[in-house]
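Undergrad: So that we are looking at the same thing, I have put the structure below in structure tokens.
Nothing in this text is a laboratory measurement; each read-out follows from the coordinates by a stated rule. As the structure is a computational prediction, the values presented were derived from the model and not from experiment. Please note: Cβ atoms are built from the backbone with ideal geometry, for glycine as well, and neighbour counts cover all protein chains shown.
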Amino acid sequence: MTDKPPSVDRLPLDEESRSFDEPWQAQAFALVVALHKSGKFTWEEWVKTFSSHIKAEPARPGESTNDTYYRQWMLALEEMANSLGDLTTERIDERVGEWRQAYLNTPHGNPVLLINASCPPKGVHHHHAPKLKPVAISSAAV
């Protein structure tokens, strides 16, 4: 087994044989390669972990091949991140919540910044919770 990640230079570029359907898939791929190159794990360790997820998490009904592949890829990436001790599932969930709050605090059209999770940008007002009472319709309007 080789201890080198696949070369990005050899990835297919045409529409029919492209490797990524979505930008996040390319980012997930690049993250694994970057973690490997920074010495966080060997390529052999990655292949072993990824292979175990391919076997344990087969395609779901109606799931495309690419969707299955990147779901398995992300599960393997999360396992590798957890094994490094740098991240835990709880920390990942916490960070997801922070990004969600940052998104909710960011005005439409502005970039979502993590700092907005705890401190909305100036001039942003929060909408009050909707009143869940039915609207009365006057019989005179009918």
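Undergrad: When you count, for each residue, the other Cβ atoms within 10 Å and take the mean per peptide, how do 70-83, 102-115, 45-58 rank with the highest first? Spell out each step's value before the answer.
TA: On the way: 70-83: 17.8, 102-115: 11.6, 45-58: 14.3.
Taking the mean over residues of other Cβ atoms within 10 Å, the ranking is 70-83, 45-58, 102-115.
Undergrad: Quick check: net charge around A28, other residues with Cβ under 13 Å of its Cβ, Lys/Arg +1 and Asp/Glu -1? Can you show the working numbers first?
TA: Details: positive: R71; negative: D21, E22, D67, E78.
For residues surrounding A28, the net value is -3.
Undergrad: So for the pair Q101, A56, with labels modelled 7 Å out along Cα→Cβ, what separation do we get in nm?
TA: 3.1
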